[in-house]
1. Between B:49, B:84, which is in contact (Cβ under 8 Å) with a residue 40 or more places away in the chain, of a type in the set (A, V, I, L, M) and within 14 Å of chain A (Cβ to nearest Cβ)?
2. Of the numbered conditions (1) in contact (Cβ under 8 Å) with a residue 40 or more places away in the chain; (2) surrounded by fewer than 14 Cβ atoms within 10 Å (Cβ to Cβ); (3) aliphatic (A, V, I, L, M), residue A:403 fails exactly one; give the number of that condition.
3. Being assigned to a helix (DSSP H, G or I) and more than 29 Å from residue A:685 (Cα to Cα) is true for just one of A:829, A:823, A:849, A:861. Which residue is that?
4. Within the range B:14-29, how many residues turn out to be within 14 Å of another protein chain (Cβ to nearest Cβ) and either touching a Ser or Thr at 6+ places or on another chain (Cβ under 9 Å) or polar (S, T, N, Q) (or both)?
5. One residue is enough: does the range A:568-576 have a residue meeting the conditions more than 30 Å from residue A:857 (Cα to Cα), among the hydrophobic types (A, V, I, L, M, F, W, C), in contact (Cβ under 8 Å) with a residue 24 or more places away in the chain and crowded, with 23+ Cβ neighbours inside 10 Å?
6. Suppose the filter is touching a Pro at 6+ places or on another chain (Cβ under 9 Å), within 19 Å of residue A:241 (Cβ to Cβ) and part of a strand (DSSP E or B); does residue A:190 pass it?
7. Within the range B:10-21, can you find the residues that are surrounded by fewer than 18 Cβ atoms within 10 Å (Cβ to Cβ) and either at pLDDT below 90 or not hydrophobic (A, V, I, L, M, F, W, C) (or both)?
8. Are any residues in the range A:239-288 part of a loop (DSSP other than H, G, I, E, B), buried (at least 16 other Cβ atoms within 10 Å of the Cβ) and at pLDDT 85 or above, and if so, which ones?
Amino acid sequence: MNIWLQRIAAWVLGQDEARALFNEMEELYRHRLEKEGEAAASRWQRRQYRKTLRHLLVSGLRRGSIKDSADSRRNTGPAWIAGLRLPLRSLARAPVYVGSIVGTLALGIGGITTVFSVVHAVLLSPLPYPEPGELVQISTSSRGNQWPLSAADYLAIEEQQTRFEGVAAMAWTRATYSTDSGSDRMLVHSVTPGLFPLLGVQPAEGRVFLEEERKPGAPVVAVLGWGFWSREFGGDPSRLGEPVRVDGVEVPVVGVLPARVGPSLEDADIILPLQVAPPQRKGPFFLEALGRLGEGVAPEAASAELRAINERIFPLWKDSWPDQEATWAMTDLKTRVVGDVGTTLVVILGAAAFVLIMVCANAASLLLARIVDRRRELAVRAALGASRENLVAQLLAESGLLVVLGSLGGLGLAGLGIHLTTTLGAPFLPRTSEVGLTGPVLFFSLAMAVTSLVLFGLLPALRAPGARVSEGLREGGARGGSSAWTGRVRNLLVTTQFAVSVPVLVGGGLLVASFLTLARVDAGFDADRVLALDVSLPGDADLSNQELNHTWDQLLQEIRSIPGVAQAGVGQGRPPGDYLFTNNFVLEDQPVGEGETQPSVPWVFASEAYFEALGTRLVAGRMFGPMADDAPGVVLVDEAFARRFYSGPEDALGRRFVSGGCTGEACPRTTIIGVMEEIRYMGLEGSNPGVMFLDSRTFPSPNSSLVVRAQGGMDPTTLAPLVRDAIWQTDSHAAVARVATGQQLLSQTLRVPRYLAALLGSFGGLSLLLAVLGIYGVMDYFVRQHRRDMGIRIALGGEPSHVLRLVLRRGMVLVVMGLGVGLLAAFLLTRFMGSLLHGIEPTDARVLLSAITVLVLVAVLACWGPALRASNVPPREVLAEE
Amino acid sequence: MPRDTLGEFEHMVLLSILRLGGEAYSVPVVLELEARTGREVAQAAVFIAMKRMENKGLLKSRMDEESVKETGRVRRYFKLTPAAAAKLRDTRQALERLWEGIEAQLEKI
């Protein structure tokens, strides 16, 4: 009854007043005791209790509680701030606890918010064009391969289609942009005027193209991208109409696109009208075609019409293009824009979700432990009148505060993460301009915060030891219902943590292994000695082949005379991933049957000096001869090609083929005259399809790749400024771009695998850390709870080492259970990563075993400390505590 | 009676405080009341009444640090305000006027 009276007093009068009341009642009791003796005093006390109860209830119910007026004397401000003061104070007393929970929550929430922002912008949100669902891309499709359309294709579609509201075409190329201060290589788009209305893009300044500007021979005008306009013209509207010099030609600027133009025009600097003359043959295939479906037109109908048009025009081009299987396919534009990043993003999102789960489990475990440690404090509070609801509310407020702080930190980290992603990720992530802390992303972040709160905040509150006052007040009250329950829940949490960390570690390990495998692939050239540059000689567009060759030779002479340069050569294409184009061909002795696809390989223009500079050697046959001897009917191939189509380099010599889809006796035949060492031009992934080399002197271009070889021991980077100077001395208007050493070339190719490995590897590391902390905390707790048992056991003659093993075994049981579940999860989940891995299977046993081994080892290490402590408990001490 | 006047119990508490020198905490007030009225008083009633009168502005309280030395606890002392004095006078006057000349009537019942 005492307790209830206290509680009611606290409710009516407020804590402090209630305490005062009981104090004074005690004083009166003692007074009574002195005057009348114990019996009378006790009777008085009982009467007083009854009357007090009655008065309190009457006061409380009839006139409301008096305590409000009393408290208002102290000026506490709005009620909710007062409610927060207690949780804030108790959190401030445990900075390490608060810091670790807020820190890991911030990491977890920040991480998953960043990833989600990318997933949302790239995968989930529609393209930023009006009615984006109606937009499609049209490409050539044959037996699973897709490639762009040719001019003949596009013109036919434009003329004959009836199901589209409109179609448009786009092509890219690199051109030299020169100003008085220098030259640069820029990405130039050529588009049909209909592209802008198709995408719903309005110019920010000036106008876009007119229909007559696409006629071949019409005066060329330019539309600029917003970024380029801001950089080169300062965004000044009065400068509209000034020209830009592209490949030596002055082109007036008539318009500027707005900053947000959507993914199709995002990286356009300079846009020119697409002027195509009526084509003479089917190829080349260089146009990306977009279409907008007409009002209410079903995609199947449009698709069918495209196929029909294709069939209709086939006879016109049969001579240059006999592939009857090839047709035109329509793909939803968003699907094309997004490409294959979908799998990657989902995998990363999954890993981030796992990390968040681990963070919440960690926080819940810590929170439970802390509650147990605060048993006395909570019990005293209950005795002073706090109801169970009050205590639960206080705990929830604490958890809520932690989640709020963690979320704010997480948002900050997400902002940073998004910034990093958009700057570093722009080269290989589509739609990065749309990534940001938008509404849906913020909402997601809030949802994650609420989920965290539910996961780790509510759990402990379910069993706050508010009612068991006596238990908490008892000195050394170690055992008992709620503590055991806490122990069991924490064990479950640790098992969960280990289970969740397995897939993350395995995923990270797989990506790291994949990256390392790729990094070991021999690209086939001396990366340590090579410096590569793209050089454009703008003034020389009209020179004859002979004159161009002469210009390049002169330039190469200059460069070779630089001290430190061993060799320099010119070609088009750079290893390991920069080829000129792929072309299909038919080997004379390996004819391609009806309905089969012709093989194709990347083509590169090269010269003897080019090969020497790269460090690739001839392994069979001969090098390109002097110009006069060879008609453009010879090629070199590499070993990979020779092995793919023949039995080896020697076997491939002298073989002939017909290229470019040409059929018939009149087609020119090309002969393989030599075989180079294996070298990669299509990236380091997968198998090498082989390379064909043409003599760069037969098709010289003012825009070529220059390869410079440094002398032994020299760092190629140091040669870069010298080479540039030499180039500018020969032609002061030359543009030099994409300067890279061989190592940088390799590194660029490995960019994506490296980022993935680093990202998931760090997720794995974080999971490992959290799991270790988890098991350590739980084992420590267990040892402290069972100190008495251990001490007794030892006192009764037990071996300390036995106790050690006991504790270890208990810990490892939790770990092993978690690992078992985790392995299963890893097995089921990593198969989705297949497309991200190179040279390694998702179920690679070595990675699985390594992950398990690492987890077991760190778990043992983490358990060792508490186990050792348990075995060293001095039995006398423990027994004395009783 | 209009709301302004004191309740009977409150009146008695104020008078007790007055008897104790104008300022007291609840224990001597209880003892005084019991001594003067001869009846056992519920301490909680005194306590609550004093709090309520403080809300009405009839008493002013302060925490007494000195008492810590004696008893280890802080006491709250309640002091009569001028408003209380005025109220006591008013109530007394009202009662006196009502009692005027009717003592004889009381004998007849």
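1. Values: B:84 fails: within 14 Å of chain A (Cβ to nearest Cβ).
Within the list B:49, B:84, the selection yields B:49.
2. All conditions are met except number (2).
3. On the way: A:829 fails: more than 29 Å from residue A:685 (Cα to Cα); A:823 fails: more than 29 Å from residue A:685 (Cα to Cα); A:849 fails: more than 29 Å from residue A:685 (Cα to Cα).
Exactly one residue qualifies, and that residue is A:861.
4. Taking the range B:14-29 as the starting set, the residues that turn out to be within 14 Å of another protein chain (Cβ to nearest Cβ) are B:24-29.
Within this subset, residues satisfying the condition of being either touching a Ser or Thr at 6+ places or on another chain (Cβ under 9 Å) or polar (S, T, N, Q) (or both) are B:24-26, B:28-29.
Qualifying residue count for the region: 5.
5. Going residue by residue through the range A:568-576, those that are more than 30 Å from residue A:857 (Cα to Cα) are A:568-576.
Going one step further and asking which of them are among the hydrophobic types (A, V, I, L, M, F, W, C), we end up with A:568, A:570.
From what is left, the residues that are in contact (Cβ under 8 Å) with a residue 24 or more places away in the chain are A:568, A:570.
With the extra rule that they be crowded, with 23+ Cβ neighbours inside 10 Å, the set shrinks to A:568, A:570.
Yes, the range A:568-576 has at least one match.
6. On the way: touching a Pro at 6+ places or on another chain (Cβ under 9 Å): yes; within 19 Å of residue A:241 (Cβ to Cβ): no; part of a strand (DSSP E or B): yes.
No, not satisfied.
7. B:11, B:19, B:21
8. Selection gives A:257, A:261, A:262, A:263, A:264, A:265, A:268, A:269, A:274, A:276.
The values are calculated or read from the model by the stated rules, or taken from the named source; none is laboratory data. Since the model is a prediction, treat every value here as computed from it, not as a measurement. Backbone-built Cβ (ideal geometry, glycine too); neighbour counts: all protein chains shown.
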